[in-house]
Each structure stands twice: as C-alpha cells, then as structure tokens.
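Since the structure comes first, as structure tokens, the remarks are kept for the end.
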Amino acid sequence: MTTNDRRAEQRPAPGGSVEFDADVLVIGGGPAGTWAAVSAAERGARVVLADKGFCGTSGATAAAGTGVWYVDPDPALREAAMANREKLGGHLQNRRWMARVLDQTYQDSNRLAAWGYPYPVDDSGKPQRNSLQGPEYMRLMRKRTKQAGVTILDHSPALELLVDDDGAVAGASGVRRQKHDRWTVRAKAVVIATGGCAFLSRTLGSNVLTGDGYLMAAEVGAEFSSMEFSNAYAISPAFGSVTKTLFYGWATFSYEDGSVVPGAASKGGRSAIARALLQGPVYARLDKADGNVQRDMRASQPNFFLPFDRTAIDPFRDRFPVTLRLEGTVRGTGGLRIVDDSCATSVPGLYAAGDAATRELICGGFTGGGSHNAAWAMSSGTWAGWGAADFARQLGPARQRHLASAGTVAFRSRSNRPLEPAVLAKAVQDEVYPYELNYFRHASRLDGALARLDAAWVDVSAADAASKDDLLRARESAAMLATSRWMYRSALARYESRGMHRRDDYPDQDDRQRHYVTSGGLDEVWTAVRPHADASYAEAAE
Amino acid sequence: MIEVIDAERCTSCDICVNVCPTNVFDKTDGIPVIARQSDCQTCFLCELYCPEDALYVAPHADTPCPTDVVALRETAALGSYRRAVGWTDETRDLRGIDRSYLLFGH
C-alpha cells in the first residue's frame with residue numbers, strides 16, 4: 001500500500017480565517033468523498049477534505065445500512081446483474097460503465113475487508129460483501145482517510161468555489177461553523193462529493209444534503225444530466241425518519257378502515273401508496289415476514305426498529321401510519337454531468353463523485369437507492385480522486401494563480417431586501433414535496449410550479465447578502481431552489497414516462513426519446529438533449 | 001429528535017458536539033446543551049457515539065417529543081442502539097451479524 005506523508009500545507013492567513021495549499025480539495029465526507037480523498041492521497045496528492053458536518057457521520061450512508069452492487073467476477077453473474085434492471089431504468093444505462101463499476105466496486109469492497117470491515121460469513125463459510133452497515137463503514141472510512149494523510153476539516157461547509165483567470169476551478173472557501181471563522185483551500189483540482197438534494201425532508205441522514213455542490217458547480221458553469229429522474233420517495237413511519245424500503249417488501253398496506261390498498265407495494269406499487277396518501281392516511285404492517293425474516297431484519301438493520309421499539313409498536317403485528325418522504329436526487333439518478341472515465345465534469349479542474357454526480361450511466365432513470373448508489377460512490381469516488389490527483393500533477397508546481405470567488409446568490413448586496421432562508425426553503429418544499437406535482441407529473445401543473453420557482457430565483461438573486469450567521473442556510477435554500485428548477489425544466493423536456501419520471505400527460509415510454517436531458521444555468525435555466533451511446537453507435541453505423 | 005442529555009451519565013466529553021452532522025449541540029463550561037433541536041435529523045448517530053449512553057433521540061422526526069429522563073432510566077432505551085449494533089464491549093460480536101444477504105431479492 002502506498003502511504004502519503006505529503007500533507008496539505010497551512011498558510012498564514014488574516015485573523016478570522018485559515019488557509020491551506022493543497023493539490024486536491026474534496027468537498028463532502030461521505031463514502032464518495034472519503035474514497036476520493038484516499039485515492040488522491042495514494043497517488044501522492046496533498047489532500048484536504050471539507051465536510052459540512054462530521055466526516056464519519058455525515059450523509060445518507062452513515063446513518064443507514066446499504067446494499068452494495070457487489071457481484072463476483074463470474075461473467076454469467078455479471079451479465080445477469082447488468083441486464084437485471086435495464087428495463088426498470090428505461091434502457092438509459094451504459095454497459096461499459098456498468099462493467100467498470102462492478103469491477104471497481106469488487107476491488108474497493110475487498111480493500112474494505114482487508115482494512116477490517118466486519119463482513120458477515122454465510123453458513124457455507126463464504127464472506128458476504130453485498131451489504132454495509134453505515135456507521136461501521138463510515139467510521140472505518142474516516143480512519144482510513146486520516147491514515148492516508150488527508151487533512152479533514154469537520155463542520156466546515158464549503159460556500160463557494162474559486163476559479164483562476166482561465167475559468168478552471170482552483171479551490172473553495174467556506175466557514176468553520178463551530179469555530180466561527182472562515183476557511184480557504186487553494187487547490188489544483190476539486191472533487192464535488194456533496195451528495196444529492198433531499199430538500200430537508202428529514203429522511204434518514206439526508207438533511208445535510210441540500211444540493212450545495214450543485215449550486216457551487218453551476219456557478220462555475222457545470223452541466224447536469226438526468227435531473228428529471230429526481231422524484232424518488234421513500235417509505236417511512238409517518239412520524240419517523242427511518243426509510244428502509246426493502247423491509248416494506250413484507251408489508252401489507254391498508255386504508256384507515258383496514259381494507260387493503262389495491263396494488264400497493266414497496267417495489268412496483270409505490271405509486272398506489274402515493275395515490276392513497278392523497279386521499280388520507282395509509283397504514284402498513286409487516287405481516288408477511290415469518291419468524292426467520294423478522295430475526296434477520298433485526299440483526300441486519302437495528303435502527304429500523306428504533307421508531308417502533310420506542311413507541312411500543314410491533315411492526316409485524318400492529319398497523320402503523322406510513323408516509324412517503326421525498327429523497328430527490330439522493331435516490332434519484334440526476335446530478336453533475338460526467339464527461340470522461342475520470343469523472344471530470346464539463347469544467348476544467350472540477351470532478352464529481354457519488355450522488356452529486358449523475359448515476360444515469362449505471363442506473364438509467366431508476367434506482368431504489370442503496371446498492372447501485374453505494375457501488376457508484378466507491379467507484380466514482382476512486383476514479384475522481386485519481387483524476388483530480390492526475391490533473392493536479394499535470395498542472396505542475398504551484399504557480400501563483402490569481403483566484404476569484406465564484407459565489408453569487410447570498411453574497412451580493414443589492415436591494416435592501418433580506419434573503420430569508422427558512423421562508424425560501426419552505427417555498428421550495430411546497431413545490432417539490434406534493435405527490436400531485438412531483439410524483440405524478442403533468443405539464444399543466446409543472447408549468448405553474450416552475451413559474452413560481454423561477455420568480456423566487458429572481459427574488460433571491462436580487463436579495464441582499466446574508467448575514468454571517470445566516471449564510472450557510474441562505475446558500476442551502478438557494479441550492480434547493482436551483483435544484484428544483486433543473487428538475488422541473490428537465491421533467492418538462494422529457495415528453496414521455498421513463499424510469500421514475502412519470503408524466504400523466506405522456507403515460508407511455510417513447511422509443512424515440514431514449515436520450516439524456518442535459519441542463520444547467522442559474523438566471524436562465526436551459527435544457528438540451530444528448531443521444532444515448534447506443535443511439536450514437538447506431539447512427540455511426542448507418 | 002434529540003430530547004435528552006442525561007446529566008447523571010454525561011461526562012462532558014463533548015463527543016456529541018463533534019460528531020453531530022447537523023451541529024445540534026453546543027459546548028458549555030459544563031455538559032453540552034441541545035442548542036438547535038429543530039436542526040436534528042433523527043439519525044441516532046449521537047447515541048451511537050456517546051460512550052456513556054447519556055443521550056436519547058426520540059423517534060419523532062418532525063416534532064419535539066419531551067421525554068422524562070427519570071422514566072427513561074427505568075427502561076432499556078438508553079444505549080439500546082449502541083448495544084444492538086455491537087458498539088459496546090459486551091456486544092462486539094454483533095458487529096458482523098448483518099444478514100441482509102438473506103433478505104435481498106425479495
């Protein structure tokens with residue numbers, strides 16, 4: 001194993017701030033960010049990782065348990081794993097990327113085993129590596145990140161990127177919210193690993209995921225892809241945060257009066273639950289789980305039972321109210337557009353990994369989260385770390401570049417009108433939570449929502465700079481707003497139903513629209529269509 | 001949301017202040033305080049990291065749920081999550097008992 005004794009260098013800085021010189025800055029300390037940081041450091045880069053919360057507990061993985069798309073390197077098994085969900089994803093996956101993610105995930109998972117992750121062993125003595133316990137996994141990743149020589153800045157949300165005179169990304173700055181000062185990292189390349197956007201819906205571990213990295217990337221001109229695949233909703237107890245949709249595969253869903261909701265199921269019947277919730281409360285009971293399954297569930301996912309054990313509900317015998325919480329692009333597949341095998345974005349010096357990047361290449365237009373996203377986080381993190389380290393090395397010894405801050409909204413004072421983060425966040429939630437807007441989409445309803453969101457952007461971009469205490473919340477709510485506009489503009493640009501994107505006005509999948517929708521822009525949001533790789537080959541052959 | 005810091009158990013180590021991903025706690029001269037309860041995302045991770053089992057997160061994600069610490073001590077709730085995932089000395093062998101591989105594909 002390569003060890004790295006080259007650390008980022010702390011530089012003298014004015015009072016109230018700290019400054020570092022690094023080769024690679026990783027923003028976000030979940031699975032993708034920690035894999036990126038470790039990989040970049042192992043390539044000899046000096047790395048800083050800045051996390052909004054605490055690297056090790058931050059993000060959707062740390063609080064949960066997740067399946068991992070880990071498949072033994074047996075050609076038949078690999079083929080089946082790739083073919084398995086192509087239809088569900090609307091045939092937008094890319095076989096070459098699926099194969100390389102399966103390869104990289106296999107390698108990374110085996111490294112986790114070597115690092116001491118306590119994988120279970122089945123009755124035949126074979127280790128089982130297709131599931132990870134979030135707290136255990138991320139505690140280990142924090143340890144490995146530190147051992148790799150990475151400088152970790154906890155509770156240090158990034159607020160804006162830095163760019164050089166050529167428009168290449170060259171670092172970022174933010175606040176250290178427990179030290180009440182500012183940080184700046186000058187870096188030769190930046191990896192965005194800030195996760196998706198779940199719009200503060202309080203699904204397990206997701207409230208740190210407000211699309212911050214999307215906003216920062218958009219401010220330097222980065223493009224997005226598949227943002228219409230952003231309406232994933234997860235089942236949770238109505239009062240609780242714990243989303244573990246796998247276990248609801250053993251549930252019966254019923255109305256208030258006890259009658260069964262027709263067609264309702266965790267897999268393949270979630271829309272029936274959404275339609276029922278539009279009418280009134282829906283209840284679940286995991287009554288299809290026998291004693292063995294109940295035991296395996298308890299062993300596999302202790303936190304699933306906390307909401308029940310602490311409210312004296314027996315989920316296998318009692319009916320309890322459930323809801324669907326929006327997980328946006330955390331379980332959706334939209335995100336920053338990836339332009340090459342190193343997970344570079346469309347902006348020089350900027351890389352994306354994990355849920356911050358589009359997962360269209362392996363998931364197409366559908367994911368139930370978990371498995372594929374976890375595999376993508378490891379793989380894309382590894383590649384982005386290598387890519388960023390290589391980019392930094394090619395840039396050569398640190399020349400003194402002139403750097404400018406790229407932040408826009410919440411940084412500029414113009415109107416003597418305050419930006420009110422809580423009000424803005426609520427306004428965005430009101431447009432993206434409702435099932436009748438986002439789950440079941442229709443141009444007549446999306447047009448109205450988008451007009452209101454566009455108006456909110458005009459309002460917010462003219463508002464005054466946020467105060468020091470409000471700046472993070474202001475940027476988070478602005479990021480949610482920007483995300484919602486790429487989502488709905490992209491949704492309107494796909495005149496069909498495909499993957500999780502469901503149009504009431506275009507209920508069928510249209511073979512002519514087997515393409516990707518690219519989007520971007522802040523003041524003016526735009527979309528464009530890119531062909532799917534198979535379609536380009538077909539055209540080339542003609 | 002986080003409801004309880006048991007003052008009898010807390011040793012002011014401030015680990016919870018550090019590990020909370022949404023920065024809910026503040027340090028004080030004594031034991032930490034729950035300074036921003038509404039920012040709590042009910043992820044239960046502070047409980048896992050508390051070496052004294054002094055914290056209690058109520059499972060209600062959207063609204064506070066005031067909880068009486070004296071009554072709580074009568075239950076097995078304090079530290080129950082930490083024990084269940086094998087993060088105590090007595091339960092270490094539970095860390096490797098994930099049976100998810102038997103549940104996938106249902």
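All distinct Cα pairs of the protein assembly as shown go into the 1/r average, and the inverse of that average, the Kirkwood radius, is 24.8 Å. Take chain B, connect every pair of alpha-carbon atoms lying under 10 Å apart with a spring to form a Gaussian network, then pick out the residue of B:46, B:65, B:16 with the largest mean-square fluctuation. Looking only at B:46, B:65, B:16, the largest GNM fluctuation is found for B:65. Please tell me the relative contact order of chain A in percent, rounded to the nearest whole number, where contacts are Cα pairs under 8 Å and at least six residues apart. Reported relative contact order: 20 percent. What does the C-alpha gyration tensor say about the overall shape of the stretch A:144-196? Classify as rounded when a/c is under 1.5, otherwise prolate if a/b is larger than b/c, or oblate. Since a/c reaches 1.5 but b/c is at least a/b, the shape of the stretch A:144-196 is classed as oblate.
At a probe radius of 1.4 angstrom, the accessible area of the stretch A:421-536 per residue rounds to 40 square angstrom.
Taking each DSSP H run with n ≥ 4 as -39500 (n - 2.57) and averaging over every residue of chain A yields -10500 deg cm²/dmol at 222 nm. On the protein assembly as shown, 50 percent of the accessible area sits on carbon and sulfur atoms, based on a 1.4 Å probe.
Among the DSSP beta bridges whose two residues both lie in the protein assembly as shown, what percent are antiparallel, rounded to the nearest 5? Bridges in the protein assembly as shown are about 70 percent antiparallel. When the surface is traced with a 1.4 Å probe over the full set of protein chains, residue B:101 keeps roughly 40 Å² accessible.
Could you check how many percent of all C-alpha pairs in the stretch A:421-484 are farther apart than 17 Å? The share of Cα pairs beyond 17 Å in the stretch A:421-484 comes to 39 percent.
Helical runs assigned H by DSSP (4 residues or longer) give chain B a calculated mean residue ellipticity at 222 nm of -4000 deg cm²/dmol, each run adding -39500 (n - 2.57) before division by the residue total.
Kindly state, to the nearest 0.05, the FRET efficiency for residue B:106 paired with residue A:390, given R0 = 56 Å and r defined as their beta-carbon distance.
Once the sixth-power term is evaluated, E becomes 0.85.
With only Cα atoms counted, the stretch A:421-536 has Rg and Dmax values of 15.9, 51 Å.
Quick one: net charge around residue A:81, please, counting Lys, Arg +1 and Asp, Glu -1 for every other residue with C-beta under 11 Å from its C-beta.
-2
The ratio of the alpha-carbon radius of gyration of the stretch A:234-328 to the globular-protein estimate 2.2 N^0.38 Å is 1.00. Each of A:84, A:389, A:225 was placed along the dipole of the protein assembly as shown (beta-carbon charges, centred on the mean Cα), and the one lying farthest toward the positive end is A:389.
Please label the shape of chain B as rounded, prolate or oblate, based on the square roots a ≥ b ≥ c of the eigenvalues of the alpha-carbon gyration tensor (a/c under 1.5 means rounded; beyond that, a/b larger than b/c means prolate, else oblate). The shape class here is prolate. Relative contact order for chain B: what percent, with Cα pairs under 8 Å and sequence separation of 6 or more? For chain B, the relative contact order is 27 percent. Interface A-B: total buried accessible area of about 4200 Å², 1.4 Å probe, protein heavy atoms only. Dipole magnitude for chain B: computed about the Cα centre from +1 point charges on Lys and Arg Cβ and -1 point charges on Asp and Glu Cβ, it is near 340 debye. Shielding by partners for B:23-30, please: the mean number of other protein chain Cβ atoms within 10 Å of each residue's Cβ. Average per residue, whole number: 2. The Cβ shell under 13 Å around residue A:195 holds other residues with a net charge of -2, Lys and Arg each +1, Asp and Glu each -1. Dipole magnitude for the protein assembly as shown: computed about the Cα centre from +1 point charges on Lys and Arg Cβ and -1 point charges on Asp and Glu Cβ, it is near 620 debye. Here r is the Cβ-Cβ distance between residue B:62 and residue A:272 and R0 is 25 Å; the resulting FRET efficiency, rounded to 0.05, is 0.55. Checked against a 24 Å cut-off, the cross-linked pairs A:146/A:244; A:146/A:179; A:87/A:267; A:126/A:267; A:143/A:244 give Cα-Cα distances beyond that limit for A:146/A:244; A:126/A:267; A:143/A:244.
Going from the chain on its own to the full set of protein chains, the stretch A:55-104 has these residues losing 50 Å² or more of accessible surface (heavy atoms, 1.4 Å probe, no ligands, DNA or RNA): A:57.
The values are calculated or read from the model by the stated rules, or taken from the named source; none is laboratory data. This one's a predicted model, so the numbers in the text were calculated from it and none came from an experiment. Note that each Cβ is placed from the backbone with ideal geometry, even for glycine, and that neighbours are counted across all protein chains shown. The protein model used for the area step is the full one, side chains on, heavy atoms only, and it has no ligands, DNA or RNA in it. Shrake-Rupley method; radii C 1.70, N 1.55, O 1.52, S 1.80 Å.
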